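> Attaching a single structure in C-alpha cells format; questions to follow.
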Amino acid sequence: MAHLFALPMVVPDEPPASEGVLVQRARAGDAGAFRALFERHGPMVWRFLRDIFRDDTAADEATQETFVRAHARLSQLRDGERVAAWLLGIARHVWREARRPRPLELAGTAEECESRVEDVLPTPTPEDLLLDRELEGLLADALGALREERRAALLLRIDHGLAYEEIAVVMGWTLPKVKNEIHRARLQLRERLAAHVGRHR
C-alpha cells in the first residue's frame, strides 16, 4: 500500500498489547500506545476511505483527520475492544463532511473484483469472472447506483468483513436497519448484474 503506510513496520519482540490496554495507555498520554493503535488500524481506515473517495490523496487526508479526532475523543470510547468499529465510525463522519458528488469507481485487481462479486453472486465460477474483463466496470456501475449510505454499509460487509453489529456501530444504525440495507443492496446488485451473469451460464 502506498502513501501513509508505505514504510515497513517494526515487529515488536514482545506480544502485542490488547486493544483495551492500548486505549488505556493512550488515554493516559502514552504517545507510543496511540501510535500502536494507528499502525494497527490505520491501513483498514485508509482502505475504507479509499473505497469511498476513490482517491488516494483524499483517503490520506481523511485518515489523518480521523486519527486526530480519535485522539481527541479517546475518553468517549466505552469499549476498548471495539476500536475498529469506533474508528470506522469517525472515518464515516469525516467522509460525509468532505465527500464530493461524483460516482464511485471500483479500483483493484481482477482478483479483488472477483472476490467481491463472488460474495454477492455465487455464480458464475471465479474462472469465468476472471475471463470477463467487462465485469469490473459493470460492478463499479452497479455499486455506484447504490445510495451512498447503503453502498458504505455493503462495502463494510463484503470488502472489510465487519459483522452486522460492528456495521451498526459504524453507521449509527439499528441492527435491523443494517441487515435490511445490506439485503437491499445485494438485491440491487443481483438485479443489475443478472443479465450479464446469465450470459455465462
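> Need pairs with beta-carbon distance below 6 Å; first residue at negative phi and in a helix (DSSP H, G or I) and within the range 137-151, second surrounded by fewer than 17 Cβ atoms within 10 Å (Cβ to Cβ) and modelled with pLDDT of 80 or more; sequence gap 6+ or separate chains.
Final answer for the pair search is Ala142/Arg192.
> Identify the single condition in (1) out of contact with any Leu (no Cβ under 8 Å at 6 or more places or on another chain); (2) closer than 22 Å to Ala91 by Cα; (3) open to solvent by 20 Å² or more (accessible area, probe 1.4 Å); (4) at pLDDT 50 or above that Ala107 does not satisfy, given that it satisfies every other one.
Ala107 satisfies every listed condition except (4).
> Considering each residue of the range 48-81, count those that are at pLDDT 90 or above and of a type in the set (D, E, K, R), and give that number.
Matching residues across the range 48-81 total 5.
> Hey, another quick one. Starting from residues that are in contact (Cβ under 8 Å) with a residue 12 or more places away in the chain and under 17 Å from Gly42 (Cβ atoms), keep the ones in the range 67-79 and report whichever is nearest to the chain's Cα centre (by Cα).
Restricting to residues being in contact (Cβ under 8 Å) with a residue 12 or more places away in the chain and under 17 Å from Gly42 (Cβ atoms), the top hit is Phe67.
> Checking Leu155 against (1) closer than 25 Å to Glu65 by Cα; (2) at pLDDT below 55, which test does it fail?
(2)
> Modelled with pLDDT under 90 and surrounded by 15 or more Cβ atoms within 10 Å (Cβ to Cβ): which single residue out of Arg150, Arg192 fits that description?
Step by step, each of Arg150, Arg192 is checked, and only Arg192 is modelled with pLDDT under 90 and surrounded by 15 or more Cβ atoms within 10 Å (Cβ to Cβ).
The values are calculated or read from the model by the stated rules, or taken from the named source; none is laboratory data. All figures in this text were calculated on a predicted structure; none of them were measured in a lab. FYI the Cβ positions are ideal-geometry reconstructions off the backbone, even for glycines, and counts take in every protein chain you see. Quick note on the areas: whole protein, heavy atoms, side chains included, nothing else; ligands and nucleic acids left out. Shrake-Rupley method; radii C 1.70, N 1.55, O 1.52, S 1.80 Å.
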